[in-house]
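Asks: Shown below is the structure under consideration.
The values are calculated or read from the model by the stated rules, or taken from the named source; none is laboratory data. The structure displayed is predicted, hence computed values, not measured ones. Positions of Cβ are generated from backbone atoms using ideal geometry, with glycine treated the same way; all protein chains shown enter the neighbour counts. These area figures cover heavy atoms from the full protein model, side chains too; ligands, DNA and RNA do not enter into them. Shrake-Rupley method; radii C 1.70, N 1.55, O 1.52, S 1.80 Å.
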Amino acid sequence: MPAIIRAVRTTERQPGRLAAAAAALRRAAMPAVAACLALGDLAVGVFPYDGMAWVYAPMLAIALLGRTLVARRTVRATIAAALASGLVFFVVSNFGVWLGTLYPHSASGLADCYVAALPFYRNQIVGDLVF
């Protein structure tokens, strides 16, 4: 089980990997993702934490997206799911960061939040496509 937890926790940095794993897990994808995220957070001592929903919600949405790969196992569909997964995680999780206290709650604050996250998103895309 620790290997599974470690694998799912690393998918926070590579959501495309989660989409592929969810395709393999099928019906068990959602509970497996939620359980592994929670167990991983417990293991490192950060469960629960503020903003947790902004990480868990996109990961569960990505698991749902990955389930669509079951019907379409093509290279094109896999690449599209990997890129869409990264985009979903980027948009949702950084929106949650913006709602916190780091950025002003204005259009320019939201833009600043997304711009500050772009270097991480670039690395995420590379990781998703290389995987």
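Asks: Give me the pairs, please: first residue somewhere in the stretch 65-83 and within 19 Å of R27 (Cα to Cα), second residue anywhere and among the polar types (S, T, N, Q) and in a helix (DSSP H, G or I), beta-carbon distance under 9 Å, and either six or more positions apart or on two chains.
Replies: Final answer for the pair search is L65/S85; G66/S85; L69/T78; R72/T78; A81/T68.
Asks: Among residues belonging to the stretch 6-31 that are open to solvent by less than 30 Å² (accessible area, probe 1.4 Å) and among the hydrophobic types (A, V, I, L, M, F, W, C), point out the one that is modelled with the highest pLDDT.
Replies: If we take residues in the stretch 6-31 being open to solvent by less than 30 Å² (accessible area, probe 1.4 Å) and among the hydrophobic types (A, V, I, L, M, F, W, C), then A29 is modelled with the highest pLDDT.
Asks: Can I ask one more? Can you confirm whether the stretch 65-72 contains a residue that is surrounded by 13 or more Cβ atoms within 10 Å (Cβ to Cβ) and at pLDDT 80 or above?
Replies: yes
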